[in-house]
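Trainee: Dropping a structure here in structure tokens format, bear with me for questions.
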Amino acid sequence: MTDARIFVDADACPVRDEVLTVSDRLGCEVFLVSNRGFRVTDRPKVHNIVVSQDLDAADDWIVGKVAAEDVVVTGDIPLAARCLEAGCRVIDHKGKPFTAANIGMALSMRELMSDLRAMGESKGGGPAFTKQDRSRFLEALDRALQG
């Protein structure tokens, strides 16, 4: 059992089921934050948080609630940066941790790719999500929860 809570930027998150499996196993409290809501069955430690459609509403809710021992799951790099500033551990959907050492480069690459897409130089989209990605995510989530 861990005291860390898991906050999931749940819209477009491909690993919600994996987070719930880990929560069931470790007894972690989970907050699935989205602007539409998800089925969570009768898990007492899983909270379905529905925020407004406003830009960054889910991000703002997460940043307003997290504490240093918590883990945030997101593919949103600006949200990851904000959560790192709050002292949390942050991992993406493929299990890659965001850290103080790599967040600056991630933000720069995001900006560069946005500029390239705006110029028509890149169509966006990365490689498909694989079973190996799920496995890496589960390992990374376990590590993050252990501190």
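FYI, it's all coordinate maths here, none of it is from the lab. Bear in mind the structure is a predicted one, so any value in this text is a computation, not a measurement.
Trainee: What's the extension gain from GLN53 to ASN102 if we count 0.36 nm per residue and subtract their Cα-Cα distance?
Mentor: Gain on stretching GLN53 to ASN102: 14.7 nm.
Trainee: Which length gain, in nm to one decimal place, applies between ASP17 and ARG43 when the Cα-Cα distance is subtracted from 0.36 nm times their residue separation?
Mentor: Values: separation 26, 0.36 × 26 = 9.36 nm, distance 1.25 nm.
Full-extension gain reported as 8.1 nm.
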